[in-house]
Amino acid sequence: MNPEILRKLNGNITLIRIIFGAFLFGILSFLTVMSLIIVPGSQQTETNELFQLIAPIFMVTSVSTSIFLRKTMLAKVHNETNPLKLIKSYTNTRIIQMGLVDASVIFAIVCYVLTTNTFFLLLAGIGILYFTSLFPLESKVIRQLKLDAPIGF
């Protein structure tokens, strides 16, 4: 692989990892503080049933949209012949994907704060597990972008 492309790829992977770490730190610190402050079952609000319906739908919609966005981007950029533009598009899409998943996890935590229903902690935990699967590995990025194949300049 061209050294310039490899340098740009490593720089963008580092950027994605920094943003990933910031998102994950925000999620985990918010979850930790809220689970320490809130006593489970201390509030029984009328909105509990509504949030039990909305939160999973929001999470499934956000995750599905993020997966669809990534697949759509990969399908579009494989026609791209400039690997630098390919890497930039991938970086932008990955950041948006992480943001969508992060928003759904934060929403589940907020639902827990409002209702004190531990179902939302479980939902947030599932979202965090999926979020950790988004960690960018160099080998995965190269494989997804097909950068190991010869690319014309």
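Spot the failing condition for Glu80; the list is (1) part of a helix (DSSP H, G or I); (2) surrounded by 15 or more Cβ atoms within 10 Å (Cβ to Cβ), and only one is missed.
(1)
Going by the structure shown, is Gln43 surrounded by 12 or more Cβ atoms within 10 Å (Cβ to Cβ), in a loop (DSSP other than H, G, I, E, B), out of contact with any Asp or Glu (no Cβ under 6 Å at 6 or more places or on another chain) and modelled with pLDDT under 85? Quick ask: steps written out before the conclusion?
Details: surrounded by 12 or more Cβ atoms within 10 Å (Cβ to Cβ): yes; in a loop (DSSP other than H, G, I, E, B): yes; out of contact with any Asp or Glu (no Cβ under 6 Å at 6 or more places or on another chain): yes; modelled with pLDDT under 85: yes.
Yes; evaluated as a whole, the condition is true for this residue.
Note down all Cβ pairs under 7 Å where the first residue falls in the stretch 12-23 and is surrounded by 13 or more Cβ atoms within 10 Å (Cβ to Cβ), the second is β-branched (Val, Ile, Thr) and part of a helix (DSSP H, G or I), and they're at least six residues apart or on different chains.
As it stands, the answer is Asn12/Ile87; Asn12/Thr91; Ile13/Val141; Leu15/Thr91; Ile16/Thr91; Ile16/Ile95; Ile19/Ile95, since those pairs meet every condition given.
On the given criteria, is Pro150 assigned to a loop (DSSP other than H, G, I, E, B) and either closer than 24 Å to Leu24 by Cα or at pLDDT 85 or above (or both)? Quick ask: steps written out before the conclusion?
Details: assigned to a loop (DSSP other than H, G, I, E, B): yes; either closer than 24 Å to Leu24 by Cα or at pLDDT 85 or above (or both): no.
The answer is no for Pro150.
One line per residue, one yes/no per condition, for (1) in contact with a helix residue (DSSP H, G or I) (Cβ under 6 Å, 6 or more places away or on another chain); (2) outside any helix (DSSP H, G or I):
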residue: Lys71; (1), (2): no, no
residue: Ile87; (1), (2): yes, no
residue: Asn92; (1), (2): no, no
residue: Leu100; (1), (2): yes, no
residue: Val113; (1), (2): yes, no
residue: Leu134; (1), (2): yes, yes
residue: Ser139; (1), (2): no, no
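Name the residues in the stretch 89-112 that are touching a residue at least 12 places away in the same chain (Cβ under 8 Å), more than 20 Å from Phe135 (Cβ to Cβ) and open to solvent by 50 Å² or more (accessible area, probe 1.4 Å), would you?
Passing the criteria: only Phe107.
The values are calculated or read from the model by the stated rules, or taken from the named source; none is laboratory data. Everything numeric here is computed off the predicted structure, so don't read it as measured data. All Cβ positions, even for glycine, are placed from backbone atoms using ideal geometry, and neighbour counts span all protein chains on display. These accessible areas exclude ligands, DNA and RNA; they are computed on the full protein's heavy atoms, side chains included. Shrake-Rupley method; radii C 1.70, N 1.55, O 1.52, S 1.80 Å.
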